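Below is one structure, written out as structure tokens; the observations come after it.
The values are calculated or read from the model by the stated rules, or taken from the named source; none is laboratory data. These numbers come from a predicted model, not from an experiment. Cβ sites come from the backbone with ideal geometry, for glycine too, and all protein chains shown count toward neighbours. Heads up: the accessible areas ignore ligands, DNA and RNA and are worked out on the full protein's heavy atoms, side chains in. Shrake-Rupley method; radii C 1.70, N 1.55, O 1.52, S 1.80 Å.
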There are 4 protein chains.
Amino acid sequence: MRFTLGCELDYTILQPTTMILNIEAMRGSQQLVLSERLELTPSLPSERHEAKETSNLYRRLVLQPGQLRIRYEAEVQTSPKTFDPAGIPEVPVAELPLAVLPYLYPSRYCVSDKLGRYAWREFGDIARGHEKVTAICNWIFEHVDYIGGFSHSGTSAEDTFTERAGVCRDFAHLGVSFCRALGIPARFVSAYGWQLQPQDFHAVFEAYLGGRWYLFDATRLCPVDGIVRIGIGRDAADTAFVTFYGQVESAPKTVWIESLDGADPQLGWTTEAVSVSEV
Amino acid sequence: MRFTLGCELDYTILQPTTMILNIEAMRGSQQLVLSERLELTPSLPSERHEAKETSNLYRRLVLQPGQLRIRYEAEVQTSPKTFDPAGIPEVPVAELPLAVLPYLYPSRYCVSDKLGRYAWREFGDIARGHEKVTAICNWIFEHVDYIGGFSHSGTSAEDTFTERAGVCRDFAHLGVSFCRALGIPARFVSAYGWQLQPQDFHAVFEAYLGGRWYLFDATRLCPVDGIVRIGIGRDAADTAFVTFYGQVESAPKTVWIESLDGADPQLGWTTEAVSVSEV
Amino acid sequence: MRFTLGCELDYTILQPTTMILNIEAMRGSQQLVLSERLELTPSLPSERHEAKETSNLYRRLVLQPGQLRIRYEAEVQTSPKTFDPAGIPEVPVAELPLAVLPYLYPSRYCVSDKLGRYAWREFGDIARGHEKVTAICNWIFEHVDYIGGFSHSGTSAEDTFTERAGVCRDFAHLGVSFCRALGIPARFVSAYGWQLQPQDFHAVFEAYLGGRWYLFDATRLCPVDGIVRIGIGRDAADTAFVTFYGQVESAPKTVWIESLDGADPQLGWTTEAVSVSEV
Amino acid sequence: MRFTLGCELDYTILQPTTMILNIEAMRGSQQLVLSERLELTPSLPSERHEAKETSNLYRRLVLQPGQLRIRYEAEVQTSPKTFDPAGIPEVPVAELPLAVLPYLYPSRYCVSDKLGRYAWREFGDIARGHEKVTAICNWIFEHVDYIGGFSHSGTSAEDTFTERAGVCRDFAHLGVSFCRALGIPARFVSAYGWQLQPQDFHAVFEAYLGGRWYLFDATRLCPVDGIVRIGIGRDAADTAFVTFYGQVESAPKTVWIESLDGADPQLGWTTEAVSVSEV
């Protein structure tokens, strides 16, 4: 599938500020960036960094007081592979590549250490592998209300589990937490989400199954094959769209993503709210 | 300095269990492992993994029910360099290597996002760099009571900040949190700590200053030059001595570290509870 | 039913200390104190206070450094009334006596404000009244593991809801929290619990239904008709057995309660873990 | 001093709802209500309840779907007494009236049990009594930023202590918590606050000293002699202006209080942010 996507962010810089952006589409074998452009107004240099472990693209801006407009646009082609979910097994911790271990540990927003007893009670008896993660997504969709503005920047999976409401970021944190509590490596993914309404940045998660990372979206808000990855990390702390060290005021942002090949809008979407796309 | 060190851990394995150990001394230019031995009783194979990003040595054991004794012993030579603290500056975020950025983000136990306002009020006016981190260590030593058994496995830096008591792990988490809140990359270090009383694993932290990582110990419980690193991570979640997936019972552990060159016990220790040793 | 009950508490007073006790059996129409004795060794005066709102009996001791033994023993007759649970309705907030309103508010350990969304999802469709509170007790019994030593003095109903384990006090806090979240006044009760194993102080809760307070015990650890009330309050903060202002060391305590009329040990116990005893 | 004061609240009732109001000025020997009027549009009956323990005036409305306007206005005369702060001692727990004990216990938003170690470190050496509570108020004013909208309905004194920002309610919760942690009974007061900018309901607190309750306002936002009490309680959970059981939408509220006797606006205000007005 081919997409055109982007975002426009406006800031008033109030004092000398360093800004770290993570809004550019990630490169990968299933996600080709055909073209892209980052436009800064006023024009100024920026430094680009691709994180080795994750391929996240960070951009650093060193800013003086004044107005700043950031406009990013790209054309991206994704080639999700399709698998039979029934054939995707869980990897026992005894056989996991040790490099994925960090995705089993609790993190700032994914307090898997507190949710272990519940996770085992609720999901312990479900078949291991893709089916278990699908059950987790279904549970989140059915037990947590999607309510814009409900949560805040400090909200953790524990809060969401207790209060039972949140946004895409909270849904992803809870999915990651349950997976880790059950011994399944899981990570957070920030993304452009095709057909997301209203248009905004999106958040989903990946679980490590059968030797690959598979994408899951417990919100059921967009077809998983319509996800264009931006950043990967332990949780939202690793993949903030914008982090600044200094003082700024922000205006409302614009985010967009459109299909370029007239795809069937429901392609790849399933009633179980999961896709079977390898990353 | 040369040290002989080690630990002995005893477990009763109750069901098939996978265990991840992180108890072996790390290798580095200032820390040479002259000899070492990991003895498992009963004898069984183990898989060793050195994490790329951190050089942490993980060891995986796949265990059947029964007794297990783990005994690790090593001879290690450390060569801490000495610097003039006054000459160690802070690196502005605008100039930080982007690879250290993750050590600015909040993590499971280091909730730097909640402590920013306090950190800036308390430490904002102190000279940037080594002096500021020293001030943080002094603050922790003076404001937090070291009380064995006070905290538990879920205790975060926020809890320690509020309740004002904890153990070495809590002291390190709070130091890391303050640094990150102030824009100084910081990470958690698990270690063997020479002269620590009673003997146990120890925890300290490192801050990224002047282009290197420097070690700090806010507990003032052992000379920083007597620290032999085991693991490095965002916080204790990354560097657990033992993690198991299964069910085990543990007996009391033994940990030891002795100097082999009759060093002056106070070598490198300073009244400010900081050392100036590059990692 | 007639019971003989009591407790023995031993302290080393380390500095001048004021101690507030709440260990004496409450008086009420269904709970007669036939005889009782509070013995302090060494002998010293104490001041007794019956709280108007709750009838809790507080005892204040002003202590100098040294040893202190507190021994309380009483003979108590309870006359629980029996009702048909099906006939016990809920009182709409529109008709509640306004004096019970405080038992609808969140308190230190009963954070009903955070559990509202879950409570309505889970219990909203169950018939109002006794049946709903019974459903709450059954839920707690089935979803929370009773594990001695799991929780600590700061554990709230939110922690117990997330971590799914605790002791009698945590079970009662969670029951109270769900009731309040659903508009049912509820309060915490400290008690002597006949047949509780091992013998210790017990904690249960009461819900206001059909114009009276009814007792519930989600732990199913003792027959509800075997409960002898000590203190009533918003939560455990109001009914601590011992509070001290000063510094003391405590030795293990002894608590006992025996039946004097050879009652059938299962009297009044129901499979739903609730009794239908009016206070 | 004589004040005219009141508020106007507008709601859309979406389903049958019971509403509890606590907006009417409290009666007391130092606070006379000369006249008052509660106007409901459309007109409907309401039930009034004066809580015995606190004298809080609660009003219950049983509402059908539709619009509702609540307008309260009153003329109130306050007669604050003036004392010499230096002469106001602390009452040792050994001598406290036992009826005030509940104001020593932790409550939903005043988690004094977690702040004890800090409170004793910071305020332990300050002279007991009025001077100590004044020091607490000064500490709050100097260490916590008053930022409208910073906190939310679940914010506790622990959050405010960590994050160091909040509104009047948070300032009062923190003041109450420190007092209780130090053995000084303290309670939360909702109020009309003369000269508060922008006009809104206000929150302050009272500490029990020398046998009476004294008012303190750590925000320094209005002269303490310009406080007209509405409700008293353990914390904001007891004194919500409006609680509803049902579903409503609320429009922005209006609150006002004006002096009727041309008083010097600074009357009773002190640089220590405390007044010495007995309740």
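A few remarks follow.
- Checking each residue in the range D:34-51 for being under 30 Å from D:Val100 (Cβ atoms) and either among the polar types (S, T, N, Q) or within 18 Å of the chain's Cα centre (by Cα) (or both) picks out D:Glu50, D:Ala51.
- Among the residues of the range D:204-220, those identified as among the charged types (D, E, K, R) and surrounded by fewer than 24 Cβ atoms within 10 Å (Cβ to Cβ) are D:Arg212, D:Arg220.
- Any hit, the range D:72-84, residues being open to solvent by 60 Å² or more (accessible area, probe 1.4 Å), under 23 Å from the mean Cα position of the chain (by Cα) and either closer than 29 Å to C:Thr54 by Cβ or facing another protein chain (nearest Cβ under 9 Å) (or both): no
- Filter result (in contact (Cβ under 8 Å) with a residue 24 or more places away in the chain and surrounded by fewer than 21 Cβ atoms within 10 Å (Cβ to Cβ)) within the range B:142-166: B:Tyr146, B:Thr155
- Condition met for D:Phe188 (touching a residue at least 40 places away in the same chain (Cβ under 8 Å) and in a helix (DSSP H, G or I)): no
- Options A:Leu61, A:Leu14; residue that is at negative phi and in contact with a Pro (Cβ under 8 Å, 6 or more places away or on another chain): A:Leu14
- Restricting the range B:124-133 to residues that are in contact with a Leu (Cβ under 9 Å, 6 or more places away or on another chain) and outside any loop (DSSP other than H, G, I, E, B), the residue that is nearest to A:Gly246 (Cα to Cα) is B:Lys132.
- Annotation note: Cβ proximity below 7 Å between a residue of the range A:44-67 that is free of Cβ contacts under 8 Å to residues at least 12 places away in the same chain and within 16 Å of A:Ala236 (Cα to Cα) and a residue that is open to solvent by less than 80 Å² (accessible area, probe 1.4 Å) and part of a strand (DSSP E or B) (sequence gap 6+ or interchain) occurs for A:Ala51/A:Tyr58.
- The number of residues in the range D:8-35 being within 16 Å of D:Tyr72 (Cα to Cα), open to solvent by 30 Å² or more (accessible area, probe 1.4 Å) and not in a strand (DSSP E or B) comes to 1.
- Every condition in (1) more than 24 Å from C:Arg180 (Cβ to Cβ); (2) away from every other protein chain (no Cβ under 14 Å); (3) modelled with pLDDT of 95 or more; (4) in contact with a Phe, Trp or Tyr (Cβ under 7 Å, 6 or more places away or on another chain) is met by C:Pro223 except one, and the failing one is (3).
- When A:Arg128 is tested against (1) at pLDDT 95 or above; (2) farther than 24 Å from A:Glu24 by Cβ, exactly one condition is not met: (1).
- Entry remark, the range D:90-123: residues being in a helix (DSSP H, G or I), among the hydrophobic types (A, V, I, L, M, F, W, C) and at the interface with chain C (Cβ under 9 Å from one of its Cβ atoms) number 4 in total.
- Here A:Asn138 fulfils each of the conditions (1) open to solvent by 10 Å² or more (accessible area, probe 1.4 Å); (2) in contact with an Asp or Glu (Cβ under 7 Å, 6 or more places away or on another chain); (3) within 14 Å of chain B (Cβ to nearest Cβ); (4) at pLDDT 95 or above apart from (3).
- Pairs with Cβ under 6 Å, 6+ apart, first in the range D:122-139 and at positive phi, second modelled with pLDDT of 95 or more and acidic (Asp, Glu): D:Gly129/D:Glu90
- Failed item in (1) within 30 Å of B:Arg128 (Cα to Cα); (2) within 14 Å of chain A (Cβ to nearest Cβ), with B:Gln31 passing the rest: (2)
- Within the range A:167-181, the set of residues being more than 12 Å from chain C (Cβ to nearest Cβ) and open to solvent by 10 Å² or more (accessible area, probe 1.4 Å) comprises A:Val167, A:Cys168, A:Arg169.
- The set of residues in the range A:36-54 that are open to solvent by 90 Å² or more (accessible area, probe 1.4 Å) and within 12 Å of chain B (Cβ to nearest Cβ) comprises A:Pro45, A:Arg48, A:Glu50, A:Lys52, A:Glu53.
- Evaluated against (1) open to solvent by 10 Å² or more (accessible area, probe 1.4 Å); (2) more than 14 Å from chain D (Cβ to nearest Cβ); (3) over 30 Å from D:Ala94 (Cβ atoms), C:Phe201 falls short on exactly one condition, (3).
- Among the numbered conditions (1) buried (at least 19 other Cβ atoms within 10 Å of the Cβ); (2) more than 22 Å from C:Val189 (Cβ to Cβ); (3) not basic (Lys, Arg), the only one that C:Gln67 does not meet is (1).
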